[in-house]
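The values are calculated or read from the model by the stated rules, or taken from the named source; none is laboratory data. Just so you know, these numbers come straight off a predicted model, no measurement behind them. Neighbour counts run over all protein chains shown; Cβ positions are idealised from the backbone, glycine included. Areas reflect the complete protein model, heavy atoms only, side chains present, ligands, DNA and RNA absent. Shrake-Rupley method; radii C 1.70, N 1.55, O 1.52, S 1.80 Å.
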Amino acid sequence: MVFYQSYAVVDASAGTRRFIRRLVWALLLTIWYGNTTTVVAEGKGTRVPFFTLKGRVLKVEEDAEVFGADGRLVARLRRGQAIRLKPGVYFVRMHKGTARVVVR
């Protein structure tokens, strides 16, 4: 008895038909050749950035907190504010999530 089980998470926005075709072909080839039953595929996300980094200037689109790599609070920014950062690794925390920023 052979049992095939597959899961897929697909972005339903426009432009995902090519991604779905690739995923289906990968699943069919997996079933046909029988080498493996696991298929992992990535597609383009439609993530809306909540901040911009131009050079060393970080500008936020909503209220945010900026932390250094050591965990210390560097700044609290309001919507539309900007800050000039020194080179290093920072973490920007907003209600949409946390992002890592590397400033060179």
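Summary of values
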{"read-out": "For region 88-96, 3J(HN,Hα) per residue [Karplus equation, 6.51 cos²θ - 1.76 cosθ + 1.60, θ = phi - 60°, Hz, x = Gly/Pro]", "value": "x, 10, 10, 10, 9, 10, 9, 5, 7"}
{"read-out": "Solvent-accessible ranking of T98, T52, largest area first, probe 1.4 Å", "value": "T98, T52"}
{"read-out": "Neighbour net charge for R104 - beta-carbon separation under 13 angstrom, K R +1, D E -1", "value": "+3"}
